[in-house]
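Structure first, commentary second.
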Amino acid sequence: MRRREFITLLGSTTAAWPIVARAEIPTKRPLIAVLSAIRKEGNSPLNGFEQGLKELGYVDGLSVDIVYRFAEGHLDRFPALAAELVGLRPDVILATVTPAAVATRALTTSIPIVCPLLADAINLGLISSEARPGGNVTGVSFRTQGLTGKQVELALQMIPDVVKLGYLVNVATGVIIDRQELESTCRKLGIQAVAAEVRSPGDLEAAFQAMADDHVRAVIVLVDGMLFSERNRIAVLAATARLPAIYGFRDHVDAGGLASYGVNLSENFHRAAIYVNKILKGAQPGDLPVEFPTKLELIVNNKAAKALGLNIPPSILVRADEVIE
């Protein structure tokens, strides 16, 4: 081979190297990590998040990768599960409930965290303010001021002669704002508030038995991931104890509970997908204001009411967004 031909061949081959190299390097898909309080099967809120992602063009395994960790209702598992997810260095973490966000935030101040069910976020040190979170956590609040008080008032309107009101609370979460609001409302209304404290699913049966023994007339089940996970069992325990119960999420009513007043869980998770999309496109979580519910829904289970011997006032049935017969 002549020297000029060799140089020409070498030059053309060298020029092609970057093209070949670029073709062989796969494009890295964004990684979304999900830390959930409950398992994926039957998890309609998580379905709302995934649907929101699809509407924004994110399909798991094609345009994005999603990894999951489930606490199965045991909130003490959050720190270890959060450590696993943080170790994967995802682009964003969806912490489905506030305790999950707390556990994850304790491990990272750089990976963005989106929580669709934020509560008491300032007091817990997750954000500086709702308008400007300032750190790596943002999301959607599941409550508005006075919501728990409204649930107490609903119980009094639906259930006659309430002088003792029981409430089921998971003291393992560290979120106390709902409990404080409930107790304050009961004091103003001259009603005795009786706490039934639980830390794990194994405490539920004893909690309902204690409320029944204390002759409470109604129960408020405070919003919590573990209690949500155990909603079917709670509905059975409440019915067995003949205790009318009011909840924060309609999923409890679908499981057989009496009534709920609060946000639509799936909608909150759907909105969380919008936050994830903005972050993947370069937005900083500290610059994304926390959103608040724009609509609260009242769901009544008339079938459960009849089983308890209750006649729901027509004024409540008219107000209800849905009545289950």
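The values are calculated or read from the model by the stated rules, or taken from the named source; none is laboratory data. Note that the structure is predicted; figures quoted are calculated from it, not measured. We place every Cβ from the backbone using ideal geometry, glycine too, and count neighbours over all the protein chains shown.
Here is how the numbers come out for the structure above:
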item: Unmet criterion (only one of (1) touching a strand residue (DSSP E or B) at 6+ places or on another chain (Cβ under 7 Å); (2) within 19 Å of P45 (Cβ to Cβ); (3) of a type outside the set (S, T, N, Q); (4) in a helix (DSSP H, G or I)) for R233; result: (1)
item: Identity of the residue in segment 304-325, part of a loop (DSSP other than H, G, I, E, B) and not β-branched (V, I, T), that ends up modelled with the lowest pLDDT; result: E325
item: Hits in segment 291-325 (condition: polar (S, T, N, Q) and free of Cβ contacts under 8 Å to residues at least 12 places away in the same chain); result: T294, N311
item: Enumeration of residues in segment 285-303 that are closer than 29 Å to V140 by Cβ and either over 29 Å from the mean Cα position of the chain (by Cα) or in a helix (DSSP H, G or I) (or both); result: P285, G286, D287
item: Selection within segment 63-116 - in a loop (DSSP other than H, G, I, E, B) and touching a residue at least 40 places away in the same chain (Cβ under 8 Å); result: A71, E72, G73, H74, L88, R89, P90, D91, T96, V97, P112
item: Tally of residues being within 30 Å of S63 (Cβ to Cβ) and crowded, with 18+ Cβ neighbours inside 10 Å across segment 281-306; result: 5
item: Check on T173, outside any helix (DSSP H, G or I), in contact with a Pro (Cβ under 9 Å, 6 or more places away or on another chain) and assigned by TED's automatic domain parsing to the domain that holds S229; result: yes
item: Criterion: free of Cβ contacts under 8 Å to residues at least 12 places away in the same chain and in the same structural domain as I38 (by TED's automatic domain parsing) - qualifying residue of A283, A272; result: A283
item: Single condition T104 does not satisfy, out of (1) among the β-branched types (V, I, T); (2) surrounded by fewer than 23 Cβ atoms within 10 Å (Cβ to Cβ); (3) at pLDDT 95 or above; result: (2)
item: Qualifying residue in segment 10-31 (condition: at pLDDT 50 or above, surrounded by 10 or more Cβ atoms within 10 Å (Cβ to Cβ), closer than 19 Å to D224 by Cα and in contact with a strand residue (DSSP E or B) (Cβ under 8 Å, 6 or more places away or on another chain)); result: no
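Residue by residue, here is whether (1) of a type outside the set (D, E, K, R); (2) surrounded by 14 or more Cβ atoms within 10 Å (Cβ to Cβ); (3) outside any helix (DSSP H, G or I) holds:
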{"residue": "E130", "(1), (2), (3)": "no, yes, yes"}
{"residue": "G149", "(1), (2), (3)": "yes, yes, no"}
{"residue": "Y167", "(1), (2), (3)": "yes, yes, yes"}
{"residue": "S184", "(1), (2), (3)": "yes, yes, no"}
{"residue": "A193", "(1), (2), (3)": "yes, yes, yes"}
